[in-house]
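Peer 1: Okay, handing you the structure first.
Just so you know, all these numbers are worked out from the coordinates, no wet-lab data involved. As the structure is a prediction and not an experimental result, all values here were calculated from the model. Every residue, glycine among them, receives a Cβ derived from its backbone with ideal geometry; neighbour counts consider all protein chains shown.
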Amino acid sequence: MSTEFHSAPIVVLGGGAAGFFGAIACAEANPEVPVLLLEKTGKLLSKVRISGGGRCNVTHACDTAAQLVTHYPRSNKQLKSGFQQFGVADTIAWFARRGVTLKTEADGRMFPSTNSSETIAQALEDAARKAGVRIYQNVQADAIEPLTEGGFRMQLSGNGASNLGTNLQASRLLIATGGNPKSTGYDWLRRLGHHIAEPVPSLFTFNVPDSPLRELPGVSVPHARVVLAGEKLQYEGPLLVTHWGVSGPAVLKLSAWGARRLSELNYTGTALVSWVPTHTEETLRGWLQQFRQDNGKKVIAVNQQFGLPQRLWRTLTEQAGIPAEMRWSDLPAKLQNRLLEFLLRTPLAVRGKTTYKEEFVTCGGISLAEVDFKTMQSRLVPGLHFAGEVLDIDGITGGFNFQAAWTTGFLAGRAMATASNL
């Protein structure tokens, strides 16, 4: 746009899910007040476009705020009131009013019926422009200075700042710049007086360079339990064997709940995988003994059990030391015990992590105690609001991080629109 602004009532920093939602909510609630959205890169809504394998996992089917908050390892208390104001049903209705229908999959994840993240990105961009949000790309705020008379002065840089000048004043400011993997990436917010929960990765897969499953990439099971040996960390769910180790919801969710502890352990330890999580040692032993009596002539390695993939079953029998042609009737107690152990506790020596696909989620950010979750306004700096992953908020995989972005963005936008100093 050619119009030059040296001051604006509302400025939103960050062109992602939370920034767009906040800008739209503000502009729709108060159409008379100009809203500027500044994105430091040349891409808008980049995370929306790549999430869910290009389908965009918009939210998760949860009926109540109490149910929803159980999927956030570190911010459930603060988010509960927010979800009561704008929850899953509100998200579904918001997109429906803009012509986007969401569908629910068997595991509760919700996607656009088109199965395309572009549907979501386009809906957000269209809603922003229809509401009159002025969008600037390649504009970065290098410094933010609160003014004694109220409001903020920002020092800008980037190719897109030519229409804004190097200094921009705002009455209200929403920071929705996302998470940062480095603590120094929050220094500009520390200078405003805020404390930062140190960032560490969340939602990552486990690297297992010496995995006994290394010949099985692509093999998956719908229900496994992953336990971190020596720690009170475990999670159940689908598990996927990869070229580098293990992934899937069971691992990703464990990494989210254990993000800080795993960082302290330098992402090393032993993950114990139960391929039969509905069994205890006692029930599994009883099952094996009965199965042997009924199927003594069957070759163990080629008759997989518990619905496990054949390749995985064969590998587990090999790890237990069972010869390829051995029949159940010939299985000695020692090898049966070893098979039982591998079914219940296959040990995987974790030696590092890998980001899940291209989605980067951090645990850490603006301390939640310093934010009023009714308005997402800073308790320390009047007129300053936060939304999305710049806060110390992160959910497990399944659409929960986007729901937090929609909720916090909406609350911040509505609060800014009704501020008295515009």
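Peer 1: Using +1 at the C-beta of Lys and Arg and -1 at the C-beta of Asp and Glu, which of Gly15, Gln403, Leu316 has the Cα lying farthest in the positive direction of the dipole of the chain?
Peer 2: Checking the options against the dipole of the chain, the answer is Leu316.
Peer 1: Run the quick spin-label model on Ala66 and Arg129: label points 7 Å from Cα toward the beta carbon, then report their separation in nm to one decimal.
Peer 2: Inter-label distance under the simple model: 4.5 nm.
Peer 1: Highest mean first, what order results for 195-205, 143-153 on Cβ atoms within 10 Å?
Peer 2: Details: 195-205: 20.6, 143-153: 14.0.
Highest-to-lowest ranking by the protection proxy: 195-205, 143-153.
Peer 1: Could you give me the percent of Cα pairs per 10 Å distance bin for region 204-355, shortest bin first, beginning at zero and ending with the bin that holds the maximum distance?
Peer 2: With a bin width of 10 Å, the distribution comes to 11, 42, 31, 13, 3, 0.
Peer 1: A follow-up question, please. Let me know the charge dipole size of the chain about its Cα centre in debye, to the nearest 20, where only the beta-carbon of Lys, Arg (+1) and Asp, Glu (-1) is charged. List each step's numbers first, then the result.
Peer 2: Numbers: 42 positive and 35 negative charges, 133 e Å.
In debye, rounded to 20, the chain gives about 640.
Peer 1: Hey, another quick one. Can you show me the helix-derived [θ] at 222 nm for the chain, built from DSSP H runs with n ≥ 4 at -39,500 (n - 2.57) apiece and divided by the number of residues, rounded to the nearest 500. Mind dumping the intermediate values first?
Peer 2: On the way: 13 runs with 135 residues, N = 422.
For the chain, the value works out to -9500 deg cm²/dmol.
Peer 1: With a 10 Å cut-off between alpha carbons and a GNM built on the chain, which of Ala161, Ala93, Ala25 moves the most?
Peer 2: Looking only at Ala161, Ala93, Ala25, the biggest GNM fluctuation is shown by Ala93.
Peer 1: On to the next question. Is there a quick way to get the dipole size of region 140-192? I mean about its Cα centre, with the Cβ of Lys and Arg at +1 and of Asp and Glu at -1; what is the value in debye to the nearest 20? Please list the in-between numbers first.
Peer 2: Details: 5 positive and 4 negative charges, 27 e Å.
For this selection, approximately 140 debye.
Peer 1: Sort 338-346, 281-289 by the packing proxy (mean of other Cβ within 10 Å over each peptide's residues), most packed first.
Peer 2: Values: 338-346: 19.3, 281-289: 13.3.
Listed from highest to lowest mean packing, they are 338-346, 281-289.
Peer 1: Just order 395-403, 265-273 by mean Cβ neighbour count inside 10 Å, highest at the front, would you?
Peer 2: Working: 395-403: 26.0, 265-273: 17.0.
With the highest mean Cβ count within 10 Å placed first, the list reads 395-403, 265-273.
Peer 1: Under a point spin-label approximation (7 Å from Cα along Cα-to-Cβ), what is the Gln290-Lys182 distance to one decimal in nm?
Peer 2: Rounded to a tenth, the inter-label distance reads 6.0 nm.
Peer 1: At 0.36 nm per residue, minus the direct Cα-Cα distance, what do Ser157 and Asn421 gain on full extension? Give it in nm, one decimal, please. Mind dumping the intermediate values first?
Peer 2: Working: separation 264, 0.36 × 264 = 95.04 nm, distance 2.66 nm.
Going from the current span to full extension adds 92.4 nm.
Peer 1: Related question: Between Ala301, Ala224, Ala256, find the one with the highest GNM mean-square fluctuation for the chain; connect C-alpha pairs within less than 10 Å.
Peer 2: Ala301
Peer 1: A follow-up question, please. Send over the semi-axes of region 99-248's equivalent ellipsoid, whole angstrom and largest first, taken as the square roots of 5 times the C-alpha gyration tensor eigenvalues. Walk me through the numbers before you get to the answer.
Peer 2: Numbers: eigenvalues 347, 122, 44 Å².
Result for region 99-248: semi-axes of 42, 25, 15 Å.
Peer 1: Moving on to the next point. With labels modelled as points extended 7 Å from the Cα through the Cβ direction, what inter-label distance (nm, one decimal) is found for Glu145 paired with His243?
Peer 2: It is 5.1 nm.
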